[in-house]
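Report on the following structure.
Any read-out appearing in this document is the output of simple, stated calculations on the displayed coordinates, not a laboratory observation. None of the values given here were measured: they were computed from a predicted structure. Here Cβ is always computed from backbone atoms with ideal geometry, including for glycine, and neighbour counts include all displayed protein chains.
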Amino acid sequence: MGTLLVVLAGCADQAAPTTAQTSPNPPVPAGWTRLFDGVSLQNWGETDFGGQGTVEVKDGTLILGQGNDLTGVTWRGDFPKTNFEVSLQAMRVDGHDFFCGLTFPVKESFCSLIVGGWGGATVGLSSIDGQDASENETTRAMDFVDGRWYTIVVQVKDDAINAWIDGKQVVSQPLAGREISIRPEVSLSRPLGIATWRTTGALRDIRMRRLE
């Protein structure tokens, strides 16, 4: 844990110098609802994947310890099925796979945005027409630096799923005629959950807003 604390303490120096990235819980903009209070797991539960690592809250940060395989938390309240955005900051502290697997509703189904999967670089949605984030049209490779915060936003509308990382759009997926689903490994993350795979991840500033 000593190494983890050193990384967390130094993350502000490595991140971009913006209020959103240097404060664990910056003021919530109008229209947004904070989902993580920075001090407890209120409204969240540790996801019982089996083999999961330790989940703890420290210094305004939610830490998902490295598991074998998945570690995560699941939202225990109601959540909209469409026309919403989820925003959070995530960081890979240690490990070589995804440090943010965000599972969310899409109308009557669910989907996951994978950030840093399949060896540490893959970004995409799991799943589209039965193909996961490593093999469908949303698949892309990105470099992620350990100890750096990344701002991740997922938007679900009636006709599309969109996602951004640090303001750059990484997903623009129309829904018409497509089958949206999740991998069975993260079925316990429904309706909203965040998980890591054999990786220690840190999360903060988790919030949601409804869209008109």
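Remarks
- Stretching the chain fully between Met142 and Lys81 yields a gain of 19.1 nm (0.36 nm per residue, less the alpha carbon separation).
- Alpha-carbon centroid distance for the pair the stretch 98-160 / the stretch 186-212, whole angstrom: 11
- Prolate/oblate/rounded label for the chain (Cα gyration tensor, a/c 1.5): rounded
- Remark: spin-label model distance Val39-Ser172 equals 4.3 nm, labels positioned 7 Å along the Cα→Cβ axis.
- Cα-based shape type of the stretch 114-212, given that a ≥ b ≥ c are square roots of the gyration tensor eigenvalues and the cut on a/c is 1.5: rounded
- Per-pair calculated FRET efficiency, R0 = 22 Å: Arg183 and Asn68 via Cβ, rounded to 0.05: 0.85
- For the chain, a Gaussian network of Cα nodes joined below 10 Å ranks Asp146, Asp159, Asp132 by mean-square fluctuation, and the top entry is Asp159.
- Taking the fewest neighbouring Cβ atoms within 10 Å as the starting point, the ordered list for Trp149, Trp164 is Trp164, Trp149.
- Helix-only mean residue ellipticity at 222 nm for the chain, each DSSP H run of n ≥ 4 adding -39500 (n - 2.57), per residue, nearest 500: -2000 deg cm²/dmol
- Cα long-axis angle, helix 2-14 against the chain (0 to 90 degrees, to the nearest 10): 70
- Over all other residues within a Cβ to Cβ distance under 12 Å of Lys81, the charged ones net out to +1, with Lys and Arg as +1 and Asp and Glu as -1.
- Using the Cβ-Cβ distance between Thr54 and Ser134 with R0 = 35 Å, the FRET efficiency computed as 1/(1 + (r/R0)^6) comes to roughly 0.80.
- Packing-based exposure ordering (other Cβ within 10 Å, fewest first) of Met208, Met142, Met91: Met142, Met208, Met91
- Cα-centre dipole for the chain with unit charges at Cβ (Lys and Arg positive, Asp and Glu negative), debye to 20: 400
- Taking every C-alpha pair closer than 8 Å and separated by at least 6 residues, the mean separation divided by the residue count of the stretch 2-210 gives a relative contact order of 30 percent.
- As a rough footprinting exposure proxy, the listed residues Ile180, Ile152 were ranked by other beta carbons within 10 Å of their own, and the order from fewest upward is Ile180, Ile152.
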